[in-house]
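Here is the structure we will look at, set down as structure tokens.
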Amino acid sequence: SHTVRTYVTKTVTSVGAYDGWVLESARFSNKGGSKNNTATTLSVGDDAKNRQYRSILHFNTATLPDNAVITAVKLQVKRASYTGTNPFNTHGALYVDLRKGAFSNNAALQMADWQAPASKLAAGKIPKTSASGWHTLNLATANFNTINKTGVTQFRLRFNKQDNSDNGADTVNFYSGNAGTSNRPKLTVTYYVP
């Protein structure tokens, strides 16, 4: 006899109160100096002083069953706009760092989230190509264990290259959890319960 597995797909959206962008304090300081968790967009790239923007996405993944066996994880962010040069062309890969729990061990957006340790650095790359503005990252199986089934899971978006030295703001701006419901970042988890 064989066991029939029932696969469940659950989608959660980023929590606006806890997601947001963090801007480096000074070029090459490698630490956060300002933040915004109320904006409707998340910036990734650099500003006019060549300081790097990183953004944090906050998902409550505690609604997953504790014994869920995850079979697929998909992160989707919707592009709102570009500022200056498209950093996808100049700043290298758009990496996603994963944190099982919250960066800086605090759910609220912290300036230190810019540089806080991750559970998995560069766990995936958000592709330059999009469909109707949505950029989709399918996480590798090896990273499923960073999805926190008993709490929150956070993602940090950052370009591989610090800046492009042009003293101009160059960012890709994605809708945040403070945007309209249909535009918020989405995390879709497919699983079965053994």
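A few notes on this one:
- Residues that are open to solvent by less than 40 Å² (accessible area, probe 1.4 Å), part of a strand (DSSP E or B) and of a type in the set (A, V, I, L, M) within segment 47-71 comprise 56, 57, 70, listed in sequence order.
- For segment 161-176, taking the residues that are hydroxyl-bearing (Ser, Thr, Tyr) and outside any loop (DSSP other than H, G, I, E, B), the one that is most open to solvent (accessible area, probe 1.4 Å) is identified as 175.
- Applying the condition of being more than 18 Å from residue 84 (Cβ to Cβ) and within 17 Å of the chain's Cα centre (by Cα) to segment 29-46 and asking which residue is least open to solvent (accessible area, probe 1.4 Å) yields 32.
- Of the residues examined, residue 179 is not one that is surrounded by fewer than 16 Cβ atoms within 10 Å (Cβ to Cβ) and among the aliphatic types (A, V, I, L, M).
- Residue within segment 141-149 that is open to solvent by 10 Å² or more (accessible area, probe 1.4 Å), in a strand (DSSP E or B) and closer than 30 Å to residue 66 by Cα present: no
- The residue pairs whose first member lies in segment 160-179 and is closer than 16 Å to residue 22 by Cα and aliphatic (A, V, I, L, M), whose second member is modelled with pLDDT of 95 or more and open to solvent by 40 Å² or more (accessible area, probe 1.4 Å), and whose beta carbons are closer than 6 Å, counting only pairs six or more residues apart or on different chains, are 169/48; 169/83; 169/84; 172/82.
- Count - residues of segment 30-60 that are of a type in the set (S, T, N, Q) and within 23 Å of residue 147 (Cα to Cα): 3
- Meets criteria (of a type outside the set (D, E, K, R) and open to solvent by less than 10 Å² (accessible area, probe 1.4 Å)) for residue 103: yes
- Residue check for residue 88: of a type in the set (Phe, Trp, Tyr), open to solvent by less than 50 Å² (accessible area, probe 1.4 Å), in contact (Cβ under 8 Å) with a residue 24 or more places away in the chain and within 16 Å of residue 188 (Cβ to Cβ): no
- Considering only residues in segment 1-48 that are over 16 Å from residue 161 (Cβ atoms) and among the charged types (D, E, K, R), the one that is modelled with the lowest pLDDT turns out to be 5.
- Restricting attention to segment 1-28, the residues that are assigned to a loop (DSSP other than H, G, I, E, B) and open to solvent by 40 Å² or more (accessible area, probe 1.4 Å) total 13.
- Residue pairs whose Cβ atoms lie under 7 Å apart, sitting 6 or more positions apart in sequence or on different chains, and linking a residue in segment 107-133 that is at negative phi and among the aromatic types (Phe, Trp, Tyr) to a partner that is buried (at least 19 other Cβ atoms within 10 Å of the Cβ) and modelled with pLDDT of 95 or more, are 114/22; 114/24; 114/32; 114/54.
The values are calculated or read from the model by the stated rules, or taken from the named source; none is laboratory data. Just so you know, these numbers come straight off a predicted model, no measurement behind them. Every residue, glycine among them, receives a Cβ derived from its backbone with ideal geometry; neighbour counts consider all protein chains shown. What goes into the accessible areas is simple: the full protein's heavy atoms, side chains included, and nothing from ligands, DNA or RNA. Shrake-Rupley method; radii C 1.70, N 1.55, O 1.52, S 1.80 Å.
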